[in-house]
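*Asks:* Just passing along the structure, written as structure tokens.
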Amino acid sequence: MIDTARVEGRCNRHFESLDDVLAECRALATRPTRQLGNWTLGQICQHLGTGMHLSTCNEDMFPVPFYLRLLGPLLRGRVLKRGLPRGFQLPPEGAALMPPPVSVEEGLATLDAGIAALNESSRRTRHPVFGAMDVAQWNQFHLRHAEMHLSFIVPE
């Protein structure tokens with residue numbers, strides 16, 4: 001397993017909308033890319049789409065240690081503005097967000113469905129670390145989340 005906190009040569013991306021995320025993933029799927037992290041493009045799309053969907057329907061996504069729940073709301077604004085740190089490992093309780101090996105097409109379908117779920121509902125669950133967030137904050141989280149993960153897919 002690659003220590004993604006130490007990976008160099010990532011591709012900086014910035015998204016203004018969820019449609020931008022989907023368009024970038026579709027574009028990456030049409031050309032040769034290099035994977036710098038542990039997940040393929042299909043797995044990243046699967047992970048992002050699953051997280052988007054779960055943020056609209058679950059009361060609790062997964063439990064996190066108390067210190068993360070305490071610090072998370074204090075760091076939320078910085079993360080939503082500047083981005084997510086790389087190298088974070090999901091706890092075992094977050095297994096539903098761990099992507100299985102999937103094709104790019106399957107991952108894109110899950111991402112498309114996740115974005116549709118966000119667009120169709122104003123209901124949002126509490127973020128496991130950052131706490132209660134409104135729709136705009138959740139959307140910013142999903143954009144920063146996508147930027148971080150997709151930075152590990154580099155066009156050839």
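*Asks:* Just give me the residues in the stretch 83-94 being in a helix (DSSP H, G or I) and in contact (Cβ under 8 Å) with a residue 24 or more places away in the chain, in sequence order.
*Replies:* The initial filter retains those residues of the stretch 83-94 that are in a helix (DSSP H, G or I), namely 92-94.
Across the stretch 83-94, the qualifying residues are Glu93, Gly94.
*Asks:* Here is a follow-up. The conditions are (1) modelled with pLDDT of 95 or more; (2) in a loop (DSSP other than H, G, I, E, B); (3) loosely packed, with under 15 Cβ neighbours inside 10 Å; (4) out of contact with any strand residue (DSSP E or B) (no Cβ under 8 Å at 6 or more places or on another chain), and Arg31 fails exactly one of them. Which is it?
*Replies:* Here Arg31 meets the rest and fails (4).
*Asks:* Related question: Taking the residues in the stretch 53-66 that are at pLDDT below 90 and not in a loop (DSSP other than H, G, I, E, B) as candidates, determine which candidate is farthest from Glu24 (Cα to Cα).
*Replies:* Taking the stretch 53-66 and keeping what is at pLDDT below 90, we get 57-65.
Pick out the ones that are also not in a loop (DSSP other than H, G, I, E, B) and you get 57, 60.
Details: Cys57: 26, Asp60: 30 Å.
Only one residue fits best here, namely Asp60.
*Asks:* Taking the stretch 107-122 as the search range and keeping residues that are outside any loop (DSSP other than H, G, I, E, B) and over 16 Å from the mean Cα position of the chain (by Cα), which one is farthest from Ala29 (Cα to Cα)? Break it down into steps so the answer makes sense when it comes.
*Replies:* First, pick out the residues of the stretch 107-122 that are outside any loop (DSSP other than H, G, I, E, B): 107-120.
The next check asks that each one be over 16 Å from the mean Cα position of the chain (by Cα); those that pass are 119-120.
Details: Asn119: 23, Glu120: 26 Å.
This residue is Glu120.
*Asks:* Select from the stretch 72-86 the residues that are of a type outside the set (Val, Ile, Thr) and surrounded by 13 or more Cβ atoms within 10 Å (Cβ to Cβ) and write down the one among them that is modelled with the lowest pLDDT. Spell out how you get there, then give the answer.
*Replies:* Start the filter on the stretch 72-86 by keeping residues that are of a type outside the set (Val, Ile, Thr), which leaves 72-78, 80-86.
Of the ones still in play, those that are also surrounded by 13 or more Cβ atoms within 10 Å (Cβ to Cβ) are 72-73, 75-76, 80, 83-84, 86.
On the way: Gly72: 92, Pro73: 93, Leu75: 94, Arg76: 96, Leu80: 96, Gly83: 93, Leu84: 91, Arg86: 84.
In this case the residue turns out to be Arg86.
*Asks:* On the basis of being surrounded by 15 or more Cβ atoms within 10 Å (Cβ to Cβ), at pLDDT 90 or above and within 13 Å of the chain's Cα centre (by Cα), does Thr40 make the cut?
*Replies:* Numbers: surrounded by 15 or more Cβ atoms within 10 Å (Cβ to Cβ): yes; at pLDDT 90 or above: yes; within 13 Å of the chain's Cα centre (by Cα): no.
Taking the combined requirement at face value, the residue does not satisfy it.
*Asks:* List every residue pair whose Cβ atoms lie under 9 Å apart, where the two residues are 6 or more positions apart in sequence or sit on different chains, the first residue falls within the stretch 1-24 and is part of a helix (DSSP H, G or I), and the second residue, located anywhere, is aromatic (Phe, Trp, Tyr) and surrounded by 15 or more Cβ atoms within 10 Å (Cβ to Cβ).
*Replies:* Here the result reads Thr4/Phe152; Val21/Phe15; Glu24/Phe15, each pair linking the stretch 1-24 to a residue that is aromatic (Phe, Trp, Tyr) and surrounded by 15 or more Cβ atoms within 10 Å (Cβ to Cβ).
*Asks:* I want to confirm something. Restricting to the stretch 95-106 and keeping residues that are in a loop (DSSP other than H, G, I, E, B) and touching a residue at least 60 places away in the same chain (Cβ under 8 Å), which single residue is surrounded by the fewest Cβ atoms within 10 Å (Cβ to Cβ)? Let's see the steps before the verdict.
*Replies:* So in the stretch 95-106, the residues in a loop (DSSP other than H, G, I, E, B) come out as 98-103.
With the extra rule that they be touching a residue at least 60 places away in the same chain (Cβ under 8 Å), the set shrinks to 99, 101-103.
Values: Pro99: 19, Pro101: 10, Val102: 20, Ser103: 15.
Looking at the filtered set, the residue picked out is Pro101.
The values are calculated or read from the model by the stated rules, or taken from the named source; none is laboratory data. Note that this is a predicted model, so its numbers are computed, not measured. Quick reminder, even Gly has a Cβ in these numbers, built from the backbone with ideal geometry, and neighbours come from all protein chains shown.
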